[in-house]
Amino acid sequence: MRGKQHRQTMKKIYIGKTALKVPRNGGKHPKKSSLLEQKEDLRKRLSYTTHKLELLQSEFDSTRQYLETELRRAQEELDKFTDKLRR
């Protein structure tokens with residue numbers, strides 16, 4: 001009888017839209033170095049995502065401030081126009 005040839009297959013684990021490939025090894029844990037690499041990869045992605053969110057927050061705040069200013073101006077113009085119509 002021929003011996004079974006051990007072939008390691010990979011499965012995907014999704015975190016958000018990110019797919020991580022991890023070995024399918026019958027429930028055994030991947031090597032420690034592989035886990036450390038995945039941890040470091042996740043740490044880098046988290047850092048990048050955090051930075052992007054901070055930029056988006058800043059853009060959101062400045063846009064909100066601009067729109068609030070424009071809304072006040074429009075309200076003032078509407079109030080003036082309403083006053084003219086009442087006269």
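The values are calculated or read from the model by the stated rules, or taken from the named source; none is laboratory data. Just so we're clear, the structure is a prediction, and the values are computed from it rather than from any experiment. FYI the Cβ positions are ideal-geometry reconstructions off the backbone, even for glycines, and counts take in every protein chain you see.
Among the residues making up the range 31-65, those that are among the basic types (Lys, Arg) and either modelled with pLDDT under 95 or within 17 Å of the chain's Cα centre (by Cα) (or both) are Lys31, Lys32, Lys39, Arg43, Lys44, Arg45, Lys52.
Pairing residues of the range 33-51 that are surrounded by 12 or more Cβ atoms within 10 Å (Cβ to Cβ) with residues that are of a type in the set (Gly, Ala, Ser), at Cβ distances under 9 Å and at least 6 apart in sequence or on separate chains, gives Thr49/Gly16.
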